[in-house]
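Note sheet for the following structure.
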Amino acid sequence: MKKWFILSFLLLFAVTGADARTKATKKSAQSREEEPPYRAYLVVEASTGKVLEGRQAHLKWPPASITKLMVALLVMEKVSAGEARLDDRVSVSAKASKMGGSQVYLKEGETFSLGDLMKAMLVASANDAAYAMAEFIAGSEEPFIRMMNDKAKALGMLDSTFRSVHGLPPSKGEEEDITSCHDLALLSRAVLNYPKILEWTSIRQDAFRDGLFILNNHNKLLFKMPGADGLKTGYYRKAGYNVVATAEKKDLRLIAVILGSPTAKTRDAVAVEKLNANFALYEMVQVVNKGDLIERDVLLPQGEVPQIRGIASHAFAYPVPSKSRHLLTSEIRLPEAMEGEIKENQKLGEVVIMFDKEEVGKVDIVAPRAVPKAGSLTILRRKLGLGS
């Protein structure tokens, strides 16, 4: 009887233990299945920066080669300011020629145009091209990195610290570049102010070094998604597979940032899924056009003419879910009268745009022309009700 009891207990323990292990295994497998295929992501509308969806947008993460978007922005700002030209010749230093990772195998003493090096960096993610341009713009890597961090602060990229011009994994004793989905969306919006950058990032394949080297774009979304035309991928082991992707359909341009995916295929699939889902959900609604006449008078008691109607200083459009267009409204705010002379383009008031009763934007109402101050006799006759 005693032996039977012991055998029964052991059998029960074995079955219970096996059942517990089975449940633990199932729970572990379920947990793995529920874990998202990225560490963080964010989708925004490009012109307004409106966040459409995201997860862990401020998670600090190494961007890898996406770092080069900041290099591209700084170069184009110098070009725009007239401090550099795309046809400037850039001489390759010994240090630039020894960059590892993705490269176009620049040799010490060679010269290339600034535009060709930008293309090599943005299409083929060439680390040597990025380094050569940083030296050309700032004299050496260190002051250029300071420029990168100053620009990051100016853009509000508070999660970011740049420590390289290329995004390669740090050497022993060094620290890596750090940013977030939120910050990369801010950077991307600034980059999109320069159409030439999009022209480069949309290139699938091109020649370099007079056709002796072929540039192949690392961003395979250009092949997988209609409307995709940028911006940059990045990868090293710790960073995982990252991408800042942008695409445009009709009047709607979206930016999707995916960080820390386990494979390039997974990263690209997530980006396509997020972009397509939001393209299906949202539409861009034009609320105000630049130059629109505002149908409300502002009285000018001291002006040469008794009243004026203002115009919109700039256009404004906003992304809204297709079923919620009725929630997008605008309100005209203008004073009843304004004293003294009126200058051309002087602000008279503003159009306030609201979505679901929350303010989402403003457009200044400005004077379309100057209105000088009237003479004393004209003002007196107007006060007496005798007309102008």
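The values are calculated or read from the model by the stated rules, or taken from the named source; none is laboratory data. What you are looking at is a predicted structure, and each value in this text was computed from that prediction instead of being measured. With ideal geometry, Cβ positions are generated from the backbone for all residues, glycine too; neighbour counts draw on all protein chains shown.
Please go through the stretch 185-195 and give me each residue that is in a helix (DSSP H, G or I) and surrounded by fewer than 16 Cβ atoms within 10 Å (Cβ to Cβ), ordered by number.
195 - this is the single residue of the stretch 185-195 that is in a helix (DSSP H, G or I) and surrounded by fewer than 16 Cβ atoms within 10 Å (Cβ to Cβ).
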Quiz item: Can you tell me which residues in the stretch 33-79 are of a type in the set (Asp, Glu) and either outside the structural domain of residue 133 (by TED's automatic domain parsing) or over 20 Å from residue 199 (Cα atoms) (or both)?
Solution: 33, 34, 35, 53
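How many of the residues making up the stretch 88-104 are within 18 Å of residue 209 (Cα to Cα) and either of a type outside the set (A, V, I, L, M) or outside the structural domain of residue 212 (by TED's automatic domain parsing) (or both)? Break it down into steps so the answer makes sense when it comes.
From the stretch 88-104, those within 18 Å of residue 209 (Cα to Cα) are 88-93, 96-99, 102-104; that's our starting set.
Now narrow it down to the ones that are either of a type outside the set (A, V, I, L, M) or outside the structural domain of residue 212 (by TED's automatic domain parsing) (or both): 88-89, 91, 93, 97-98, 102-103.
Of the residues in that region, 8 qualify.
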Quiz item: Among the residues of the stretch 212-244, which ones are part of a loop (DSSP other than H, G, I, E, B), over 16 Å from residue 65 (Cα atoms) and touching a helix residue (DSSP H, G or I) at 6+ places or on another chain (Cβ under 6 Å)?
Solution: 225
Quiz item: Quick one: in the stretch 94-128, which of the residues that are in contact with a helix residue (DSSP H, G or I) (Cβ under 6 Å, 6 or more places away or on another chain) and of a type in the set (Lys, Arg) is farthest from residue 199 (Cα to Cα)?
Solution: 107
Exercise. Could you please let me know if residue 75 is surrounded by 21 or more Cβ atoms within 10 Å (Cβ to Cβ), touching a residue at least 24 places away in the same chain (Cβ under 8 Å) and in contact with a strand residue (DSSP E or B) (Cβ under 8 Å, 6 or more places away or on another chain)?
Key: no
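Table: residues versus (1) in contact (Cβ under 8 Å) with a residue 12 or more places away in the chain; (2) touching a Leu at 6+ places or on another chain (Cβ under 8 Å); (3) more than 30 Å from residue 251 (Cα to Cα).
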| position | (1), (2), (3) |
| --- | --- |
| 291 | yes, no, no |
| 309 | yes, yes, no |
| 320 | yes, yes, no |
| 371 | yes, yes, yes |
Exercise. Would you confirm whether any residue within the stretch 55-74 is on the phi < 0 side of the Ramachandran plot and in a strand (DSSP E or B)?
Key: yes
Exercise. Could you please give the count of residues in the stretch 124-143 that are buried (at least 24 other Cβ atoms within 10 Å of the Cβ) and either at pLDDT below 95 or of a type outside the set (D, E, K, R) (or both)?
Key: 9
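Might you let me know whether the stretch 134-157 holds any residue that is touching a residue at least 12 places away in the same chain (Cβ under 8 Å) and farther than 25 Å from residue 86 by Cα?
Yes, the stretch 134-157 has at least one match.
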Quiz item: Looking only at strands (runs of 3 or more DSSP E) that fall completely inside the stretch 311-376, which ones have 2 or more residues that are closer than 22 Å to residue 43 by Cα?
Solution: 316-321, 347-355, 358-366
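Of all the residues that make up the stretch 347-361, how many are surrounded by 15 or more Cβ atoms within 10 Å (Cβ to Cβ) and out of contact with any helix residue (DSSP H, G or I) (no Cβ under 6 Å at 6 or more places or on another chain)?
9
When you look at residue 154, is it over 30 Å from residue 51 (Cα atoms) and at pLDDT 95 or above, yes or no?
Here the answer is no, as residue 154 does not meet what is asked.
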